[in-house]
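The values are calculated or read from the model by the stated rules, or taken from the named source; none is laboratory data. Quick caveat, the model's predicted, so the values are computed rather than measured. Cβ atoms come from the backbone with ideal geometry, glycine included; neighbour counts cover every protein chain shown. Side chains included, ligands, DNA and RNA excluded: accessible areas come from the protein's heavy atoms. Shrake-Rupley method; radii C 1.70, N 1.55, O 1.52, S 1.80 Å.
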Amino acid sequence: MFKKLCVLAVLVALVAGGVISATPQAQAQDDGLIFGVVLVGPKDDHGWSEAHYNAGLYVEENLPGSKMLLLESLNAADRPETTLEQVVEGMVEQGAQLILTTSADFEVDTPVVAESYPDVVFVNVSGDDAFWGIAPENVGNFMGQMEYGEMIAGCAAALKTQTGSLGYVGPLIDPETTRLVNATYLGARYCYENYRGMDPNELTFGVTWIGFWFNIPGVTLDPTDVSSKFLDDGADVLISGIDTTEALVVAGQRAAEGEAVWAVPYDFEGGCEEAPDICLGVPYFNWGPAYLKTAQAVADGTWVQSWEWNPPDWDDLNNPDTTAVGYIMGTGLSDEETATLEEFIAALAAGAKGEEGGLNLFVGPLNFQDGSVYLEEGEVATPAQIWFAARNADEAETPEDVNPPQLLEGIEGTSE
Amino acid sequence: MDVTSTLRGIVRSAAPIVIAGEGELITERAGVINLSLDGSIMLSAMTAHAVVRETGSLPQAVLAAMAVGAAIAFIVVFSSIALKLNQVAVGFVLTILCADLAIFLGKPHFNKPGKEMPAAPIPILEDIPLIGPVLFKHNLLIYFSLVLIVLVWFYIYRTRPGLTLRSIGDQPEAAFVRGTRVQFWRYVYTLAGGALVGLAGATYSLSVKLGWKEDLSGEGWIALAIVIFGLWMPWRVALGAYLIVGLRSVAIDLQDSEVIDLPAQIVNMLPWFLMIITLMLATSGVLEKMVRFTPDRFKPTVRRFLRAAPPRALGTTFEKH
């Protein structure tokens with residue numbers, strides 16, 4: 001009996017040890033801003049969540065006395081027992097005055113929880129409740145203009161492909177992910193036609209949605225399998241739209257076996273690290289400046305609700321203090337391809353600044369997959385039309401009125 | 001869709017499930033249930049990745065993972081035989097413990113580039129159309145998963161020690177009376193099975209998924225399920241693994257299908273569904289009836305294929321009287 005008890009006690013202690021080490025650790029400080037960051041994935045995912053974590057560190061560095069409270073991996077698979085409300089409660093108890101909920105997965109819960117804490121500022125990253133004015137006054141949103149990053153990613157893929165077939169590993173279907181796929185596709189088409197001199201209608205561009213932002217065994221499709229499948233079916237460049245790096249890893253494995261394949265990861269500045277040789281570069285979010293601006297405003301008491309869609313710094317695309325979205329060139333590109341990509345970026349920059357001869361790819365004629373018109377001939381998409389990947393975005397008065405997002409005609413894969 | 005590369009992908013992705021399934025089959029055939037597979041696979045996968053990052057040695061990584069799998073199996077069999085604890089309860093606790101431990105201990109190596117088992121295509125054979133790329137263009141771990149099926153089958157059904165293995169799982173008392181050291185062999189087979197489970201973990205992190213991304217939970221349960229689906233027979237366990245992984249592959253294709261709208265979750269559900277159906281068929285006597293209705297000529301074959309009985313002493317402890 002004693003032996004059994006011992007074994008049990010050791011097991012319990014080990015399990016408890018594992019649980020305790022996973023809870024947020026932080027001490028309240030007397031002065032300085034305390035802000036909470038809620039991540040949907042782990043802080044070292046080499047993707048979306050890591051980029052947010054780094055932004056939190058950036059605030060701690062640049063706003064004296066500030067202190068981040070971190071909660072990683074808040075999602076139904078990793079923490080089925082934890083709700084956003086509980087997390088927020090804990091963070092507020094520890095003195096948080098600003099809480100960033102950094103996933104579309106928290107978009108619905110954030111305004112609801114925020115109602116209970118009117119003195120705390122909430123920012124849901126990537127959401128649009130503040131855009132509609134339906135959120136409580138203490139809830140704001142920001143996002144980076146990743147469309148540009150994805151156009152560059154698409155271009156890089158199109159410059160490289162030998163088979164004329166690209167595979168996009170997508171997360172779940174919503175307006176954000178749909179517009180990003182559309183942007184990637186537009187970039188790829190443009191570069192395939194204008195720099196490669198090929199027929200863009202012969203470019204194959206497939207999307208497979210795994211079902212969440214990252215792999216959840218038993219729930220999503222496995223991004224490793226999805227990536228392999230694309231390569232098996234003839235794609236030679238994988239583009240990742242998910243939070244993690246499976247596409248790059250699989251392409252790296254295949255390349256090691258002698259296949260000519262490449263990948264473009266996503267989200268995180270260091271995204272190429274796991275297979276640099278076949279990496280064509282990475283479009284990434286640089287959340288630091290937006291975090292810092294928000295934290296500063298909250299600390300000063302000057303924060304007001306807003307919905308912000310922050311652009312890249314076109315004069316210095318990878319400036320950590322100014323840009324919201326950047327692109328790190330990959331070593332998988334040849335010098336010539338890199339130069340061409342630079343040229344493309346310069347054209348996009350000119351277009352974004354409204355300069356003569358600048359490039360804007362969200363210009364009609366563009367149709368959706370179901371054949372309906374997205375943009376008429378010569379029509380330039382409004383920000384809302386791009387954001388929602390829907391034609392009627394500007395006429396809609398509530399989110400429900402907006403047509404469901406749709407992929408562009410020519411993309412293989414489902415829109416719903 | 002390219003059939004060759006799809007099949008090749010299935011052989012590759014199913015390898016760890018085949019290895020873990022065959023390992024668990026050996027353990028269960030000896031009468032012990034090692035329920036810790038899910039956690040064992042995670043912990044051993046993480047171990048292999050960590051070791052290869054620290055030492056750069058693939059053999060060491062594989063051995064370390066196998067040692068981890070065997071060590072966990074040892075806890076199961078020791079607590080069952082020596083401490084007389086309930087195997088299922090201990091295995092279950094170990095599953096959770098090892099999964100958390102893998103995540104906790106693996107943090108320094110999470111998402112860091114590791115090393116891959118080098119491809120080792122078999123000359124000449126790899127050039128055979130269809131079969132070549134599907135079977136003979138892999139690395140050692142994947143080849144091993146294929147060879148293992150034959151080995152386990154041969155060992156269990158064609159050798160004397162295999163007969164003993166079956167007897168200690170089916171009728172430990174009888175085996176004991178014949179002079180078999182039941183407890184000793186249960187230790188041996190549980191450890192061997194556990195080592196294979198550890199090898200399955202290594203196959204994930206050194207080949208199939210490459211690296212450690214904390215996303216292996218569920219694979220161990222699937223391996224456990226296919227042992228039941230396979231009704232404790234090596235070929236059928238392997239078949240189950242290929243079936244499940246094949247379905248996953250189909251699920252990816254189905255997403256674009258206009259005709260069949262089957263979400264991934266449904267496909268992910270199938271292993272459990274198949275497991276229940278199999279168990280129902282196996283225990284309801286339906287299979288026996290099916291044998292009765294087959295023409296006499298095929299009866300022995302069909303009977304052999306459909307015969308279904310879990311090891312009779314599975315999960316029980318054996319006491320020397």
- Task: Could you tell me which numbered condition A:Asp174 fails, if it satisfies all but one of (1) in contact with a Ser or Thr (Cβ under 8 Å, 6 or more places away or on another chain); (2) more than 11 Å from chain B (Cβ to nearest Cβ)?
- Result: (1)
- Message: With open to solvent by 50 Å² or more (accessible area, probe 1.4 Å) and within 25 Å of A:Gly167 (Cβ to Cβ) as the only criterion, which of A:Gln406, A:Gln369 stands out?
- Response: A:Gln369
- Task: For region A:32-53, name all the residues that are within 14 Å of chain B (Cβ to nearest Cβ), open to solvent by 20 Å² or more (accessible area, probe 1.4 Å) and touching a residue at least 24 places away in the same chain (Cβ under 8 Å).
- Result: A:Lys43, A:Glu50
- Message: Scan region B:35-50 and tell me whether some residue there is away from every other protein chain (no Cβ under 12 Å), surrounded by fewer than 24 Cβ atoms within 10 Å (Cβ to Cβ) and not in a loop (DSSP other than H, G, I, E, B).
- Response: yes
- Note on the structure: B:Arg303 fails exactly one of (1) basic (Lys, Arg); (2) modelled with pLDDT of 75 or more; (3) in a helix (DSSP H, G or I), namely (2)
- Looking at this structure, is B:Leu191 of a type in the set (A, V, I, L, M, F, W, C), within 14 Å of another protein chain (Cβ to nearest Cβ) and within 29 Å of B:Glu319 (Cα to Cα)? no
- Can A:Val207 be described as more than 12 Å from chain B (Cβ to nearest Cβ), open to solvent by less than 30 Å² (accessible area, probe 1.4 Å) and in contact (Cβ under 8 Å) with a residue 60 or more places away in the chain? no
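Would you be able to tell me the number of residues in region B:232-264 that are more than 26 Å from B:Glu24 (Cα to Cα) and either in a loop (DSSP other than H, G, I, E, B) or modelled with pLDDT under 75 (or both)?
Here the count works out to 10.
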- Task: Have a look at A:Ala295, A:Ala263, A:Ala251 and point out the one that is surrounded by 24 or more Cβ atoms within 10 Å (Cβ to Cβ) and more than 14 Å from chain B (Cβ to nearest Cβ).
- Result: A:Ala295
- Considering region A:353-370 alone, what residues qualify as being modelled with pLDDT of 95 or more and either farther than 25 Å from A:Asn194 by Cα or aliphatic (A, V, I, L, M) (or both)? A:Leu359, A:Leu361, A:Val363, A:Leu366
- Task: Residue by residue through region A:210-244, note down the ones that are more than 7 Å from chain B (Cβ to nearest Cβ), open to solvent by less than 10 Å² (accessible area, probe 1.4 Å) and assigned to a loop (DSSP other than H, G, I, E, B).
- Result: A:Ile210, A:Ala235, A:Asp236, A:Gly241, A:Ile242, A:Asp243
- Item | strands (runs of 3 or more DSSP E) wholly inside region A:44-152 containing at least 1 residues that are small (Gly, Ala, Ser) | A:139-144
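Output yes when any residue across region B:42-57 is touching a Cys at 6+ places or on another chain (Cβ under 6 Å) and farther than 20 Å from B:Pro234 by Cα, and no when none is.
Yes: region B:42-57 contains one or more residues that are touching a Cys at 6+ places or on another chain (Cβ under 6 Å) and farther than 20 Å from B:Pro234 by Cα.
Does A:Ala290 meet the test of being crowded, with 19+ Cβ neighbours inside 10 Å, part of a helix (DSSP H, G or I) and away from chain B (no Cβ under 11 Å)?
yes
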- Would you check if there is a residue in region B:170-180 being surrounded by fewer than 18 Cβ atoms within 10 Å (Cβ to Cβ) and of a type in the set (A, V, I, L, M, F, W, C)? yes
- Message: Can you go through A:Glu355, A:Glu397 and tell me which one is of a type in the set (Asp, Glu), farther than 24 Å from A:Ser126 by Cα and either open to solvent by 80 Å² or more (accessible area, probe 1.4 Å) or in contact with a strand residue (DSSP E or B) (Cβ under 7 Å, 6 or more places away or on another chain) (or both)?
- Response: A:Glu355
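Only one residue in A:Tyr148, A:Tyr192 is surrounded by 22 or more Cβ atoms within 10 Å (Cβ to Cβ) and under 22 Å from A:Ala393 (Cα atoms), so which one is that?
A:Tyr148
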- Matching residues in region A:353-381 - criterion: being hydrophobic (A, V, I, L, M, F, W, C) and in contact with a helix residue (DSSP H, G or I) (Cβ under 7 Å, 6 or more places away or on another chain): A:Leu359, A:Leu361, A:Phe362
- Query: Just to be sure, is B:Gln60 within 14 Å of another protein chain (Cβ to nearest Cβ) and either polar (S, T, N, Q) or surrounded by fewer than 16 Cβ atoms within 10 Å (Cβ to Cβ) (or both)?
  - Reply: no
- Message: Just the residues that are in a loop (DSSP other than H, G, I, E, B), open to solvent by 30 Å² or more (accessible area, probe 1.4 Å) and under 27 Å from A:Gly354 (Cα atoms), please, taken from region A:372-391.
- Response: A:Glu376, A:Glu377, A:Gly378, A:Glu379, A:Thr382, A:Arg391
- Query: For region A:266-284, how many residues meet the condition of being open to solvent by 10 Å² or more (accessible area, probe 1.4 Å) and touching a His at 6+ places or on another chain (Cβ under 8 Å)?
  - Reply: 4
- Query: In region B:77-124, how many residues are of a type outside the set (Phe, Trp, Tyr) and open to solvent by less than 30 Å² (accessible area, probe 1.4 Å)?
  - Reply: 18
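Those residues that are assigned to a loop (DSSP other than H, G, I, E, B) and facing chain A (nearest Cβ under 9 Å), I need them from region B:83-113; list them, please.
If the condition is that a residue be assigned to a loop (DSSP other than H, G, I, E, B) and facing chain A (nearest Cβ under 9 Å), then B:Leu83, B:Lys84, B:Leu85, B:Phe110, B:Asn111, B:Lys112, B:Pro113 are the ones that fit.
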- Query: Is one or more of the residues making up region A:329-338 of a type outside the set (Val, Ile, Thr), touching a residue at least 40 places away in the same chain (Cβ under 8 Å), open to solvent by less than 10 Å² (accessible area, probe 1.4 Å) and part of a helix (DSSP H, G or I)?
  - Reply: no
- (1) modelled with pLDDT under 95; (2) within 29 Å of B:Tyr157 (Cα to Cα): which one isn't true of B:Ser5, the others all being true? (2)
